[in-house]
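Working notes for the structure below.
Derivation of every value follows stated rules applied to the coordinates shown; laboratory data play no part. Computed from a predicted structure; not experimentally measured. Cβ: placed from backbone, ideal geometry, glycine included. Neighbour counts: every protein chain shown.
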Amino acid sequence: MRPRLIPVLLLDSSRRLVKTVRFGKRTYVGDPLNVIRLFNEKEVDEIFVLDIDATSDRRTPDLGFLRELASECFMPLAYGGGITSLEQCEQISRAGIEKIVLGTSSENKGFVSDVSKNMGSQSVVACVDVFGSGVSARCFTRSGKSPINIDLIRHCVELQEAGAGEIVLQSIDRDGTRSGYNVELIRMLASQLAVPLVALGGAGEATHLVEALKVGASAAASGSAFIFVGRLRAVLINSPDPAAIEMLIRGGS
Amino acid sequence: MITIVDYGVGNIGALENMFDFLGVDCTVSNRPEDVGNADKLLLPGVGAFDTAVNALNRQNLIPALNYAVCRRKRPILGVCLGMQLLCRGSQEGDLPGLGWIDADVRRLEVPSGSKLKVPHIGWADVRPIRETNLFPKIHSMERFYFVHSYHVCCDRPNDVAAVVDFGREICCSVSAGNIYGVQFHPEKSHRFGMRLLKAFGDL
């Protein structure tokens, strides 16, 4: 089995591609479709597209955009942002996007269970945003604005039982910092979960991706590790060679 | 012309997208008469085995599928759960499958001490074990995208077209006469999937 590396692309209210730092400061990256095409040409393993303003704007998923995206990207695609109904999930799947990322709406485990029963657990990805480390780690929804009062592990196990087929652990305090993942949290959670864990938040280079995979993440996801914004806003796509990653994993401890 | 069987279970949009991109004619239908008279069939499927069998029954598609595949000998490609439906039945459910391939569908077992997880999600190298229409080159190593918790176990090794490693080698593609199946998602597997779906389109 090859390790999965997943570029994560964030969309804002104006459907521009942005990068965030700790869920706050934003840098404009470029046109999403152009960037997604570049990743498609690189034959990346998978792409996550997350609309980070949809929930606060109370916007529903932009199906026209998602259809355009899926019509030329022949890899696993996951979309999240503003999803509140099963009907929306079915429309997204019809467009050719097979994974639904539930962030804010995953707080409602009944909804996770409904989507999973109707579409299969393989299409349900729960995204858990976490601030802090170890026992002080706290879960948040609504783009890091609303804390939820539940233990991280219990929350994730409940999501798994409700039918989430994968869980994304996103570190709010490492987002966009390029300082590396919260490795301890990934290690602890991966050992408690039967379903694959996707690490997100903090990676800035290939060695970070490898660290997450080594401690039990099934996939290493990142915005910063795959995209650089150069001078004059030139967007550079950087996708680490999977063979090199595999060598890094196998070599050394 | 490929008819994609639309019985409400499966990622049909992605399959249509890839056939459109390849310039392979395809149509989507849930009508038994279209399925029975199809030139070529694609049976998609995600989710639970019994849910899919019930959906096929509800739309009265099983006699049409039998007519097209067993009587008229038209080519059919089952994708993911669609491949599992070609078999006798599955550990996941109680209902019988189409029964065209002498095979049972069993839950993936993680070998003790292994870090493998179920569902098996991700890219894996697929090894053809003989030359078939879907895998004309036996020494090709192509990667495909997998998402599954169950796998097909064939009675006859000759029905297996390709294998993948999951702690041990398991069947991930079948080929028996006009009947083909792949456990992975060619519509989500970049140029490797394009090559395979084009090969099916060219049959």
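Here is how the numbers come out for the structure above:
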{"read-out": "Charge dipole (debye, nearest 20) of the protein assembly as shown; +1 at Cβ of Lys and Arg, -1 at Cβ of Asp and Glu", "value": "680"}
{"read-out": "Dimensionless Rg over Rh [region B:16-58; C-alpha; Kirkwood]", "value": "1.02"}
{"read-out": "Rounded to whole Hz, the Karplus (6.51, -1.76, 1.60) HN-Hα couplings of region A:186-201, x for glycine and proline", "value": "5, 4, 5, 6, 4, 6, 9, 10, 8, 8, x, 10, 10, 8, 8, x"}
{"read-out": "Long-range HN-HN contacts of A:Ser222 with modeled amide H, under 5 Å", "value": "A:Ile6, A:Val8"}
{"read-out": "Prolate/oblate/rounded call for region A:4-250, Cα gyration tensor, a/c under 1.5 rounded", "value": "rounded"}
{"read-out": "Placed amide H near A:Leu102: partners under 5 Å, 5+ positions off or other chain", "value": "A:Val125, A:Ala126, A:Cys127"}
{"read-out": "Three-way shape label, region B:141-196, alpha-carbon gyration tensor, a/c 1.5", "value": "oblate"}
{"read-out": "Under the Karplus curve 6.51 cos²θ - 1.76 cosθ + 1.60, θ = phi - 60°, whole-Hz ³J(HN,Hα) for region A:96-109, x wherever Gly or Pro sits", "value": "x, 10, 9, 10, 10, 9, 9, x, 4, 6, 7, 4, 8, 5"}
{"read-out": "Relative exposure of A:Lys42, A:Lys19, A:Lys99, A:Lys25, judged by other C-beta atoms within 10 Å (fewest first)", "value": "A:Lys25, A:Lys42, A:Lys19, A:Lys99"}
{"read-out": "Region A:42-85-region B:103-171 distance, computed between alpha-carbon centres (Å)", "value": "30"}
{"read-out": "Loop-located GluC sites (Glu not before Pro) in region B:95-203 whose Cβ has at most 16 other Cβ within 10 Å (DSSP)", "value": "B:Glu109, B:Glu131"}
{"read-out": "Net charge over other residues, Cβ less than 15 angstrom from the Cβ of A:Ile52 (K, R count +1; D, E count -1)", "value": "+3"}
{"read-out": "Dipole moment magnitude, nearest 20 debye, chain A about Cα centre, only Lys, Arg, Asp, Glu C-beta charged", "value": "600"}
{"read-out": "For B:Leu134, residues with placed amide H under 5 Å, excluding near neighbours", "value": "none"}
{"read-out": "Dipole magnitude of chain B, debye to nearest 20 (Cβ charges: Lys/Arg +1, Asp/Glu -1, about Cα centre)", "value": "300"}
{"read-out": "Phi-based couplings in Hz for region B:187-203 (Karplus 6.51, -1.76, 1.60; Gly and Pro marked x)", "value": "5, 10, 10, 6, 5, 5, x, 4, 4, 6, 5, 5, 4, 5, x, 7, 4"}
{"read-out": "Furthest towards positive pole of dipole, B:Ile2, A:Leu11, B:Gly78, structure part the protein assembly as shown, Cβ charges", "value": "A:Leu11"}
{"read-out": "Mean ellipticity per residue at 222 nm, deg cm²/dmol - from DSSP H runs of n ≥ 4 across chain A, formula -39500 (n - 2.57)", "value": "-9000 deg cm²/dmol"}
